[in-house]
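> A single structure is presented below for examination.
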Amino acid sequence: GIAKRSPEYITKKILEGKAVIAVTTEGTWVGFCYIEAWGHDQFVANSGLIVSPAFRKSGVAKQIKKRIFDLSREKYPDAKIFGLTK
């Protein structure tokens, strides 16, 4: 199942720089994923991966996963990462 998150929660992740948002060059929304850290930033989960139905099976999920993994490493270099892998 997918955990429900409020718009405020998602907005906070975006403003904190803990999210990846994929869009086309024309501005069409393609996908999204965010970082959740806990344990004094010792642990990180990459969560909330979602891809617009029109872009599924195109490889975009793999690109988002790679970018969120890299972002997790940038922000939390010593953390154990759960969820998505490189």
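> Have a look at Gly48, Gly31 and point out the one that is under 19 Å from Arg5 (Cα atoms), in contact with a Ser or Thr (Cβ under 8 Å, 6 or more places away or on another chain), surrounded by 14 or more Cβ atoms within 10 Å (Cβ to Cβ) and in contact (Cβ under 8 Å) with a residue 24 or more places away in the chain.
Selected residue: Gly31, the only one of Gly48, Gly31 that is under 19 Å from Arg5 (Cα atoms), in contact with a Ser or Thr (Cβ under 8 Å, 6 or more places away or on another chain), surrounded by 14 or more Cβ atoms within 10 Å (Cβ to Cβ) and in contact (Cβ under 8 Å) with a residue 24 or more places away in the chain.
> Considering segment 55-86 alone, what residues qualify as being farther than 13 Å from Ala19 by Cβ, in contact (Cβ under 8 Å) with a residue 24 or more places away in the chain and either assigned to a helix (DSSP H, G or I) or in contact with a Gly (Cβ under 6 Å, 6 or more places away or on another chain) (or both)?
Of everything in segment 55-86, those that are farther than 13 Å from Ala19 by Cβ, in contact (Cβ under 8 Å) with a residue 24 or more places away in the chain and either assigned to a helix (DSSP H, G or I) or in contact with a Gly (Cβ under 6 Å, 6 or more places away or on another chain) (or both) turn out to be Phe55, Val60, Ala61, Gln63, Lys65.
> Filter segment 17-27 for residues that are open to solvent by less than 70 Å² (accessible area, probe 1.4 Å) and of a type outside the set (Lys, Arg); which is nearest to Lys75 (Cα to Cα)? Outline the logic, then answer.
First, the residues of segment 17-27 that are open to solvent by less than 70 Å² (accessible area, probe 1.4 Å): 17-20, 22, 24, 27.
Of the ones still in play, those that are also of a type outside the set (Lys, Arg) are 17, 19-20, 22, 24, 27.
Working: Gly17: 9, Ala19: 11, Val20: 13, Ala22: 19, Thr24: 25, Gly27: 26 Å.
Top of the filtered list is Gly17.
> Still on this structure: Please go through segment 59-79 and pick out each residue that is surrounded by fewer than 12 Cβ atoms within 10 Å (Cβ to Cβ) and either touching a strand residue (DSSP E or B) at 6+ places or on another chain (Cβ under 9 Å) or of a type in the set (Asp, Glu) (or both).
Listed by number, the residues that qualify are Glu74, Asp78.
The values are calculated or read from the model by the stated rules, or taken from the named source; none is laboratory data. Bear in mind that the values here come from a model prediction, so they are computed numbers and not experimental data. Heads up, the Cβs are rebuilt from the backbone with ideal geometry, glycines too, and the neighbour counts pull from every protein chain shown. Just so you know, the surface numbers come from the protein's heavy atoms only, side chains and all, with ligands and any DNA or RNA stripped out. Shrake-Rupley method; radii C 1.70, N 1.55, O 1.52, S 1.80 Å.
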